[in-house]
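The values are calculated or read from the model by the stated rules, or taken from the named source; none is laboratory data. Here the structure is a predicted model, which means the values were calculated and not measured. Because the Cβ atoms are built from the backbone with ideal geometry, glycine has one as well, and the counts that use them run over all protein chains shown.
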Amino acid sequence: MNKGYSGGTAIVDRIGRESIVIKRAHLVVGLLVQPDVLREMAKNSEMAGRGFLDRFLFAQPVSTVGAREYETAPVPEDVSVYWHAGVRSLVSASSELLKAGDYRTLALSSDSYVLYKSWWNTKESRLGTEGDLASPQGWVSKHEGMMLRIAAMFTLFENPQAEQVEAGQMEAALSLWEYWLGQAQFVFGDPVVGSRAKVLAAIKESGQPEFTVREIVRKLHAKADLVKADLAHLQAAGYVRHLPKQGTTSDKWQAHPDLI
């Protein structure tokens with residue numbers, strides 16, 4: 001499993017049989033489970049010690065119960081065509097490489113490198129013993145490479161023959177970081193303490209059902225990216241909900257009714 005995450009060489013030795021050697025092993029795992037199942041897995045010392053769960057991305061969609069529609073509009077045709085064409089092109093290009101026993105390495109453009117380096121430095125400053133990322137340190141370290149993979153996937157989806165990741169794709173990938181981080185913190189049971197507790201207190205004190213990141217930033221004199229990370233965690237825990245953006249208005253969040 002762990003070798004399949006990083007594309008390493010996997011060797012399986014069997015008694016009385018020839019060894020199985022898989023060069024550049026790749027494994028894709030998708031699980032649909034309840035949050036409690038993940039938390040129980042996180043308590044398993046063998047899984048934790050080997051970094052098994054550190055290799056996963058987590059997503060817990062916000063429940064729509066109570067706001068569901070009986071009849072929903074179909075996916076717009078242009079979106080459907082774009083998606084299917086992109087997937088087919090990507091699968092076709094990768095199949096050709098696999099049949100040839102070959103692979104392709106994507107480089108970073110100078111602009112995308114600057115974006116990634118800036119993100120990396122900011123993330124690194126939060127990993128110390130006093131930082132807010134000290135607890136999920138193993139997960140964070142594994143996902144330094146995951147951000148690059150996501151940027152590469154965005155690139156290849158748009159152009160399967162691309163040879164480098166441009167700034168737009170890197171920016172799109174990094175924009176997902178705080179969401180993934182908040183989900184992972186929730187799964188690994190990070191309590192609502194420290195900066196997250198301060199954000200939650202600021203929401204309660206406002207007494208308003210809706211608020212923006214800017215309002216919390218001003219109230220706490222905090223950095224916007226850190227507030228977004230805390231809100232992602234609070235959303236995964238059910239305290240707040242990110243409202244769909246409408247037009248050019250600022251992104252709004254909604255507090256759980258019990259908080260107001």
- Item | Sole exception among (1) among the charged types (D, E, K, R); (2) closer than 30 Å to Tyr239 by Cβ; (3) in a loop (DSSP other than H, G, I, E, B) for Lys123, by number | (3)
- Message: Given (1) in a helix (DSSP H, G or I); (2) closer than 30 Å to Tyr103 by Cα; (3) not aliphatic (A, V, I, L, M), identify the lone condition not met by His26.
- Response: (1)
- Message: I'd like the full set of residues that are surrounded by 13 or more Cβ atoms within 10 Å (Cβ to Cβ), hydroxyl-bearing (Ser, Thr, Tyr) and within 22 Å of the chain's Cα centre (by Cα), limited to the range 101-124.
- Response: Ser112, Tyr113, Tyr116, Thr122
- Message: Given the condition without any contact (Cβ under 8 Å) to a residue 60 or more places away in the chain, surrounded by 18 or more Cβ atoms within 10 Å (Cβ to Cβ) and of a type in the set (Lys, Arg), answer yes or no: does some residue in the range 226-237 qualify?
- Response: yes
- Task: Could you please find all residues in the range 18-50 being touching a strand residue (DSSP E or B) at 6+ places or on another chain (Cβ under 8 Å) and hydrophobic (A, V, I, L, M, F, W, C)?
- Result: Ile20, Val21, Ile22, Ala25
- Task: Return yes when Tyr113 is part of a loop (DSSP other than H, G, I, E, B) and farther than 24 Å from Phe58 by Cβ and no when it is not.
- Result: no
- Within the range 64-83, can one find any residue that is within 21 Å of Val28 (Cα to Cα), in a helix (DSSP H, G or I) and not acidic (Asp, Glu)? yes
- Query: Within the range 151-203, restricting attention to residues that are among the polar types (S, T, N, Q) and over 20 Å from the mean Cα position of the chain (by Cα), which residue is modelled with the lowest pLDDT?
  - Reply: Ser195
- Message: If Val29 satisfies all but one of (1) loosely packed, with under 11 Cβ neighbours inside 10 Å; (2) without any contact (Cβ under 8 Å) to a residue 24 or more places away in the chain; (3) under 22 Å from Leu176 (Cβ atoms), what's the number of the condition it fails?
- Response: (2)
- In the range 148-166, what residues are part of a helix (DSSP H, G or I) and either under 18 Å from Ser92 (Cβ atoms) or not aliphatic (A, V, I, L, M) (or both)? Arg149, Ala152, Met153, Phe154, Thr155, Leu156, Phe157, Glu158
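One line per residue, one yes/no per condition, for (1) surrounded by 11 or more Cβ atoms within 10 Å (Cβ to Cβ); (2) under 24 Å from Gly182 (Cα atoms); (3) modelled with pLDDT of 90 or more:
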residue	(1), (2), (3)
Ser63	no, yes, no
Tyr70	no, no, no
Gly86	yes, no, yes
Lys99	no, no, no
Arg126	yes, yes, no
Ala134	yes, yes, no
